[in-house]
Amino acid sequence: MGEIQVFINKLDSRSFRSSDVELLVKQLVQDARLGKAKVEKDDIQWLHTYQFALQQLELHLRQAPPSVHQGEWRDVAEDLSKVKQMVDDMEQKSIVSDVAWNAGGLAIFSIPDPVCYKEHVYCAITNYIKKLYV
């Protein structure tokens, strides 16, 4: 997997941040050009959806930059249906609660257990990356 292993290691050590997603996407696109990975637009949209999830965790933990706002997915994710699918899945698994969708485009939810939430998102990203290299 080469350079992508840096990101896998950060995910494994639980030190991956939302700001790492753009670097990850650049590496995936480069690996796709070299024929090492199969990356479609949909894959990048999913990674940006996970970036939103990480931003919400960082906001919850008070580690987010000032530009990040609760529930604001439009600056990061491109596809509301992916955000909705991810949030619905996490709500079904009780990873998030108090889910509310604002007409202005906000996806607001509570994170009752940040450790469980982080583990879920990190595993989703790791599995997604590995799928692209098979």
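The values are calculated or read from the model by the stated rules, or taken from the named source; none is laboratory data. Remember, it's a predicted structure, so these values are computed and weren't measured experimentally. All Cβ positions, even for glycine, are placed from backbone atoms using ideal geometry, and neighbour counts span all protein chains on display. When the accessible area is computed, the model is the full protein with side chains, heavy atoms only, and any ligands, DNA or RNA have been set aside. Shrake-Rupley method; radii C 1.70, N 1.55, O 1.52, S 1.80 Å.
If the condition is being modelled with pLDDT under 95 and under 23 Å from TYR133 (Cα atoms), then region 38-77 contributes only ALA77.
When the test is whether a residue is open to solvent by 70 Å² or more (accessible area, probe 1.4 Å), outside any helix (DSSP H, G or I), basic (Lys, Arg) and farther than 14 Å from ILE125 by Cα, LYS26 does not pass it.
Scanning region 44-76 for residues that are open to solvent by 60 Å² or more (accessible area, probe 1.4 Å) and within 13 Å of PHE109 (Cα to Cα) returns HIS60, HIS69, GLN70.
Just one of the listed residues (VAL96, VAL83, VAL87) is under 29 Å from LYS38 (Cβ atoms) and touching a Ser or Thr at 6+ places or on another chain (Cβ under 7 Å), and it is VAL83. Only one of these is over 19 Å from TYR122 (Cα atoms), buried (at least 16 other Cβ atoms within 10 Å of the Cβ) and basic (Lys, Arg): LYS36, LYS41. Name it. Going through LYS36, LYS41 in turn, just one is over 19 Å from TYR122 (Cα atoms), buried (at least 16 other Cβ atoms within 10 Å of the Cβ) and basic (Lys, Arg): LYS36. Picking from residues in region 1-23 that are part of a loop (DSSP other than H, G, I, E, B) and not hydroxyl-bearing (Ser, Thr, Tyr), the one that is least open to solvent (accessible area, probe 1.4 Å) is PHE16.
For every residue, the table says whether it meets (1) open to solvent by 20 Å² or more (accessible area, probe 1.4 Å); (2) touching a residue at least 12 places away in the same chain (Cβ under 8 Å); (3) over 18 Å from TRP46 (Cβ atoms); (4) part of a helix (DSSP H, G or I).
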{"residue": "GLU78", "(1), (2), (3), (4)": "yes, yes, no, no"}
{"residue": "VAL83", "(1), (2), (3), (4)": "no, yes, no, yes"}
{"residue": "TYR117", "(1), (2), (3), (4)": "no, yes, no, yes"}
{"residue": "TYR122", "(1), (2), (3), (4)": "no, yes, no, yes"}
{"residue": "TYR128", "(1), (2), (3), (4)": "yes, yes, no, yes"}
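The set of residues from region 104-129 being in contact with a helix residue (DSSP H, G or I) (Cβ under 8 Å, 6 or more places away or on another chain) and of a type outside the set (A, V, I, L, M, F, W, C) comprises GLY105, PRO114, TYR117, LYS118, HIS120, TYR122, THR126, TYR128.
Among all residue pairs at least 6 apart or on different chains, which show Cβ distances below 6 Å where the first residue, located in region 18-30, is more than 15 Å from GLY2 (Cα to Cα) and the second is open to solvent by 20 Å² or more (accessible area, probe 1.4 Å) and modelled with pLDDT of 95 or more? Hits for this filter: SER18/GLN55. Applying the condition of being outside any loop (DSSP other than H, G, I, E, B), touching a helix residue (DSSP H, G or I) at 6+ places or on another chain (Cβ under 7 Å) and not hydroxyl-bearing (Ser, Thr, Tyr) to region 49-63 and asking which residue is nearest to MET90 (Cα to Cα) yields ALA53.
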